[in-house]
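One structure is given below, encoded as structure tokens.
The values are calculated or read from the model by the stated rules, or taken from the named source; none is laboratory data. Remember, it's a predicted structure, so these values are computed and weren't measured experimentally. Neighbour counts are summed over all protein chains in view; Cβ atoms, including those assigned to glycine, are modelled from backbone coordinates with ideal geometry.
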Amino acid sequence: MPEARLGRAFVNLADALVNGYEALDFLYLLCDRCRDVLIADAAGVMLTDEDDILQLSAASSEEPYVLELFEMQSHEGPCYDAVMMGQPVIEHDVKAAIDRWPIFAAKAVEAGVEAVYAFPLHLRDTRVGALNAFRHNSGSFQERDLYAGQALADVATIGVVHDRAIRQAHQRSEQLQIALDSRVLIEQAKGVLAERRAVDLGVAFDMLRRHARNNSVSIREVCRDVIEGDLTLE
């Protein structure tokens, strides 16, 4: 049941916030739970950098087309609109949004994406990004899904703001940049592991996350150890 999935998501996210909290791991968990609750094929979180430009921070999938669709939304797309308007953006038929998002919509249609959803991450007047989900089949998106998606986005906002609070010595842009800069570390570790184990990048990423979960360590730590040669994953 949707309510049960949402309830489990909140329990998982609340537990992550109080037990060994790290922003990047929390955001990856959020993406996974968003995909489950909204029955989406992919979900991701985009945060604004020091120049207020949206950048991908975490995604439930490392498929190239998924990453490209997120990264294209720096200036156009549902995430951009959600942040600018401060309201959820729901598009059941991406083909109908070609005039609205000519570049993003064309690429989404090419990738087989039929529906997109974006929910702003905002606290009062502060907007820090958006939670985004894709579906290959539009399916049935009900009003309760809208509330569930925004509720998850609100939890994401709490996580980002909490990360800001425990790093009081840093400015807002520096705090958010920590999560964004981690993308570079992840890409490097994926490349090293893919070459070392002769697997594709998606499999390499799954190996990194699985090791992090199974050993209760952050994905940043795992990536760093792989890059430096201190960790060999089977």
Restrict the check to region 93-107 and report whether at least one residue is assigned to a strand (DSSP E or B), touching a helix residue (DSSP H, G or I) at 6+ places or on another chain (Cβ under 9 Å) and β-branched (Val, Ile, Thr). no
Exactly one of Glu174, Glu195 is farther than 17 Å from Arg33 by Cα, part of a helix (DSSP H, G or I), of a type outside the set (S, T, N, Q) and modelled with pLDDT of 75 or more, and that residue is Glu195
Expected output for region 42-62 (first residue free of Cβ contacts under 8 Å to residues at least 40 places away in the same chain, partner surrounded by fewer than 20 Cβ atoms within 10 Å (Cβ to Cβ), Cβ below 7 Å, 6+ apart or cross-chain) is Ile53/Ser74; Ala59/Leu67; Ser60/Asp32
How many residues of region 26-48 are assigned to a helix (DSSP H, G or I) and in contact with a Lys or Arg (Cβ under 6 Å, 6 or more places away or on another chain)? The answer is 2
In region 31-47, residues that are surrounded by fewer than 21 Cβ atoms within 10 Å (Cβ to Cβ), touching a helix residue (DSSP H, G or I) at 6+ places or on another chain (Cβ under 8 Å) and more than 18 Å from Arg209 (Cα to Cα) total 1
The one condition Met72 fails out of (1) over 23 Å from Arg183 (Cα atoms); (2) touching a Lys or Arg at 6+ places or on another chain (Cβ under 7 Å) is (1)
Conditions (1) at pLDDT 75 or above; (2) crowded, with 20+ Cβ neighbours inside 10 Å; (3) touching a Ser or Thr at 6+ places or on another chain (Cβ under 9 Å); (4) closer than 17 Å to Leu54 by Cα -> Ala153 fails only (3)
Among Phe104, Phe119, Phe134, the single one that is within 15 Å of Leu67 (Cα to Cα) and in contact with a Gly (Cβ under 8 Å, 6 or more places away or on another chain) is Phe104
Filtering region 119-137 for residues that are among the charged types (D, E, K, R) and crowded, with 24+ Cβ neighbours inside 10 Å leaves a count of 0
